[in-house]
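Okay, so here's the structure we're looking at.
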Amino acid sequence: MTPSLPDLTDRAGIKPLVNRFYEIVRKDANIGFIFEEIVQVNWELNLPNMYPFWETVLFRSGGYRGDPIAAHSKFVSKTEIGKAQFEHWLKLFRESVDSLFSGENAGPIKRCAKDMANVIHGKMNGVQDPRFDPANLTPEQRIRYAKYKNQKEPEA
Ligand code: HEM
């Protein structure tokens, strides 16, 4: 019987996960070149930035202060980085999580990654989160949304 994998319960699990994920990403035939050739990521700086990012996402304790939207927007004009690339990134991420962990936190971290992928993809490509369709709002949500929209985009 395969021994069961541990759950991702604290920051100690983050480093191996991030290291495993980027080891795979860097060599990946579909998106590796974005990191290695287009952006030429400095991994000595990037990895220690990703540990607090994921710790902040998962345990609210990492003290991450970066700006992922800005970081990704810098290279959007230099390569194809649409839905297909994000779906592939997510696949590699899910596989990395599943290769190291199982249990209660393994599910939420994959869901968090998916939510953030939707947001980052949307902002980078100027499209709305595909799951959000104002037509599907409840009447209460519609009122809140209208107020929010008016605050954000006042009539000219
Ligand atoms: C195809 C999809 C993606 C590609 C090609 C990609 C690529 C990159 C690259 C090249 C950098 C380094 C930028 C630099 O060194 O200046 C970066 C940074 C980063 N990425 Fe991604 N990324 C993708 C998706 C995601 C997703 C879905 C997330 C979140 C779940 C994410 C989180 C981050 C974070 C937090 C940083 C560091 C930002 C900072 O603090 O400067 N990325 N990404």
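Laboratory data are not the source of any read-out in this text; all were calculated from the coordinates shown. All figures in this text were calculated on a predicted structure; none of them were measured in a lab. No Cβ is skipped: glycine too gets one built from the backbone with ideal geometry, and neighbour counts run over all protein chains shown.
Would you tally the residues in the range 36-52 being surrounded by 16 or more Cβ atoms within 10 Å (Cβ to Cβ), closer than 20 Å to Lys91 by Cα and more than 17 Å from the chain's Cα centre (by Cα)?
Residues that pass the stated criteria total 0.
Test each condition in (1) assigned to a helix (DSSP H, G or I); (2) surrounded by 14 or more Cβ atoms within 10 Å (Cβ to Cβ); (3) aromatic (Phe, Trp, Tyr); (4) more than 13 Å from the chain's Cα centre (by Cα) for Phe33 and report the one that comes out false.
For Phe33, the exception is condition (2).
Return the pair list, or none, for Cβ contacts closer than 9 Å from residues in the range 30-58 that are in contact (Cβ under 8 Å) with a residue 24 or more places away in the chain and farther than 17 Å from Lys74 by Cα to residues that are near the ligand (Cβ under 9 Å from one of its atoms) and not in a helix (DSSP H, G or I), at least 6 apart or on different chains.
Met50/Tyr64; Tyr51/Tyr64; Trp54/Tyr64; Glu55/Tyr64; Val57/Tyr64
Would a scan of the range 70-78 turn up a residue that is away from the ligand (no atom under 11 Å from the Cβ) and buried (at least 16 other Cβ atoms within 10 Å of the Cβ)?
no
Among the numbered criteria (1) within 12 Å of the ligand (Cβ to nearest atom); (2) farther than 27 Å from Gly126 by Cα; (3) among the small types (Gly, Ala, Ser), which one does Gly13 miss?
(1)
Can you tell me how many residues within the range 1-30 are surrounded by fewer than 19 Cβ atoms within 10 Å (Cβ to Cβ) and in a loop (DSSP other than H, G, I, E, B)?
The number of residues fulfilling the criteria is 12.
Only one of (1) over 17 Å from Leu90 (Cβ atoms); (2) more than 10 Å from the ligand (Cβ to nearest atom); (3) not aromatic (Phe, Trp, Tyr) fails for Arg26. Which number is that?
With (1) over 17 Å from Leu90 (Cβ atoms); (2) more than 10 Å from the ligand (Cβ to nearest atom); (3) not aromatic (Phe, Trp, Tyr) applied to Arg26, the lone miss is (1).
Do you know which residues across the range 100-118 are in a helix (DSSP H, G or I), in contact (Cβ under 8 Å) with a residue 40 or more places away in the chain and either surrounded by 13 or more Cβ atoms within 10 Å (Cβ to Cβ) or within 11 Å of the ligand (Cβ to nearest atom) (or both)?
Leu100, Ala106, Ile109, Cys112, Met116
Of the residues Pro48, Pro6, which is more than 10 Å from the ligand (Cβ to nearest atom) and in contact with a Phe, Trp or Tyr (Cβ under 9 Å, 6 or more places away or on another chain)?
That would be Pro6, the only listed residue that is more than 10 Å from the ligand (Cβ to nearest atom) and in contact with a Phe, Trp or Tyr (Cβ under 9 Å, 6 or more places away or on another chain).
Mind counting the residues in the range 53-68 that are in a helix (DSSP H, G or I) and either more than 9 Å from the ligand (Cβ to nearest atom) or surrounded by fewer than 12 Cβ atoms within 10 Å (Cβ to Cβ) (or both)?
4
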